[in-house]
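Participant: Just passing along the structure, written as structure tokens.
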Amino acid sequence: MLSKRIIPCLDVREGRTTKGIKFKNNVDIGDPVEMAQFYYESGADEIVFYDITASHEKRDIMIDVVRRVAETIFIPFSVGGGIRTVGDMQAVILAGAEKVSVNSAAVKNPDIIAEGARLFGSQCIVLGMDVKKVEKSETIPSGYEIVINGGRKYMGIDALEWALRAQELGAGEICLNSIDADGTREGYEINLTKLISTSVDIPVIASGGAGEPIHLADVLKKGCADAALIASMTHYGTYTVSEIKDFLQKEDVKVRNSW
């Protein structure tokens, strides 16, 4: 069995790390380069960096921040937000990222997944999915709908159908974020995570809602996730990566040891 990954997530706006609740009321919590280095030295398995307003503001991602973060850490580093073309993907990879995450752009132009996978390899292409729970319908049979542009625009696309299609197009991994759980610290959306994780053959990263170590144990076991994104619970110093990993090991969840 592969080790489960613990992945701090840095949401960045205007060059600063920020955190909100359900994609709203974001507050400044620090410098992304310093935070990335801290998490690297604390034993994180990977780091995810999202330029959270790039797509909504229709601007390019902040490559200078990506480059400075990549120069600071020596673990896998995924970057998303504002990536609209394979040229954007190439720029991020050349700046030092191992993976690129496409979300809004992939919904609007699914071919970017296939093009990116062909040029850079499926292992470099992460599908970011922002998902909202809705009433089940003929259009949304799973009861989970895709939302883009930082939670602003509902797309009428079923989350499960989109995950399966993205896998066929060549996505190598899915980062699955529940808007309903985001920033609440009340736990991941287990049903959504399990639905996607057990339906696709590629790794699924659970995102949104972590507040206590038990929440990670639940989503990694009950939700069948391959990795868990964390933010609030470590950004504010409530827990460390080492403390989380120690707890998970006691819960018989296989993780890499912290340094």
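Participant: Arg84 - would you say it is closer than 20 Å to Ala163 by Cα, surrounded by fewer than 15 Cβ atoms within 10 Å (Cβ to Cβ) and touching a residue at least 24 places away in the same chain (Cβ under 8 Å)?
Facilitator: The answer is no for Arg84.
Participant: If I filter the stretch 106-129 for residues that are among the hydroxyl-bearing types (Ser, Thr, Tyr) and in contact with a strand residue (DSSP E or B) (Cβ under 8 Å, 6 or more places away or on another chain), do I get at least one hit?
Facilitator: Filtering the stretch 106-129 for residues among the hydroxyl-bearing types (Ser, Thr, Tyr) gives 122.
Checking which are in contact with a strand residue (DSSP E or B) (Cβ under 8 Å, 6 or more places away or on another chain) leaves us with none.
No; the residues of the stretch 106-129 include none that is among the hydroxyl-bearing types (Ser, Thr, Tyr) and in contact with a strand residue (DSSP E or B) (Cβ under 8 Å, 6 or more places away or on another chain).
Participant: If Asp201 meets every condition in (1) within 30 Å of Gly116 (Cα to Cα); (2) modelled with pLDDT under 95 apart from one, which number is that one?
Facilitator: The one condition Asp201 does not meet is (2).
Participant: How many residues does the stretch 168-193 contain that are out of contact with any strand residue (DSSP E or B) (no Cβ under 8 Å at 6 or more places or on another chain) and more than 17 Å from Gly209 (Cα to Cα)?
Facilitator: To start, the set of residues in the stretch 168-193 that are out of contact with any strand residue (DSSP E or B) (no Cβ under 8 Å at 6 or more places or on another chain) comprises 168-169, 181, 185-187, 190-191.
Next cut, more than 17 Å from Gly209 (Cα to Cα) only: 168-169.
Number satisfying all stated conditions: 2.
Participant: Note down all Cβ pairs under 8 Å where the first residue falls in the stretch 126-142 and is at positive phi, the second is modelled with pLDDT under 95 and surrounded by fewer than 12 Cβ atoms within 10 Å (Cβ to Cβ), and they're at least six residues apart or on different chains.
Facilitator: Close Cβ pairs satisfying both conditions: none exist.
Participant: Look through Val92, Val147, Val134 and report the one residue that is surrounded by 17 or more Cβ atoms within 10 Å (Cβ to Cβ), out of contact with any Gly (no Cβ under 7 Å at 6 or more places or on another chain) and modelled with pLDDT of 95 or more.
Facilitator: Answer to the check: Val147.
Participant: Looking at the stretch 112-130, which of its residues are out of contact with any Leu (no Cβ under 6 Å at 6 or more places or on another chain) and surrounded by 24 or more Cβ atoms within 10 Å (Cβ to Cβ)? Outline the logic, then answer.
Facilitator: Start the filter on the stretch 112-130 by keeping residues that are out of contact with any Leu (no Cβ under 6 Å at 6 or more places or on another chain), which leaves 112, 115-128, 130.
Passing the criteria: Gly116, Ile125, Val126, Leu127, Gly128, Asp130.
Participant: Mind listing whichever residues of the stretch 95-111 are without any contact (Cβ under 8 Å) to a residue 40 or more places away in the chain, surrounded by fewer than 22 Cβ atoms within 10 Å (Cβ to Cβ) and closer than 22 Å to Leu160 by Cα?
Facilitator: Result: Asn109, single match.
Participant: Okay, moving on. List, please: which pairs have Cβ atoms under 6 Å, are six or more places apart or on different chains, and start with a residue in the stretch 178-189 that is on the phi < 0 side of the Ramachandran plot and in contact (Cβ under 8 Å) with a residue 12 or more places away in the chain and end with one that is small (Gly, Ala, Ser) and not in a loop (DSSP other than H, G, I, E, B)?
Facilitator: Close Cβ pairs satisfying both conditions: Tyr188/Ala206; Glu189/Ser178.
Okay, residues lined up against (1) buried (at least 22 other Cβ atoms within 10 Å of the Cβ); (2) modelled with pLDDT of 60 or more; (3) touching a strand residue (DSSP E or B) at 6+ places or on another chain (Cβ under 9 Å):
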| position | (1), (2), (3) |
| --- | --- |
| Arg5 | no, yes, yes |
| Pro8 | yes, yes, yes |
| Val12 | yes, yes, yes |
| Arg16 | no, yes, yes |
| Lys22 | no, no, no |
| Ala36 | yes, yes, yes |
| Glu41 | no, yes, no |
| Thr53 | no, no, yes |
| Glu57 | no, no, no |
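Participant: I'm checking my understanding of the structure. Among residues of the stretch 158-167 that are crowded, with 17+ Cβ neighbours inside 10 Å and hydrophobic (A, V, I, L, M, F, W, C), which one is nearest to Gly209 (Cα to Cα)?
Facilitator: First, pick out the residues of the stretch 158-167 that are crowded, with 17+ Cβ neighbours inside 10 Å: 158-160, 162-163, 166-167.
Retained after the next criterion (residues that are hydrophobic (A, V, I, L, M, F, W, C)): 159-160, 162-163, 166.
Numbers: Ala159: 18, Leu160: 20, Trp162: 22, Ala163: 20, Ala166: 24 Å.
Taking the candidates together, the pick is Ala159.
The values are calculated or read from the model by the stated rules, or taken from the named source; none is laboratory data. Note that the structure is a prediction, hence the values are computed from the model and not measured. No Cβ is skipped: glycine too gets one built from the backbone with ideal geometry, and neighbour counts run over all protein chains shown.
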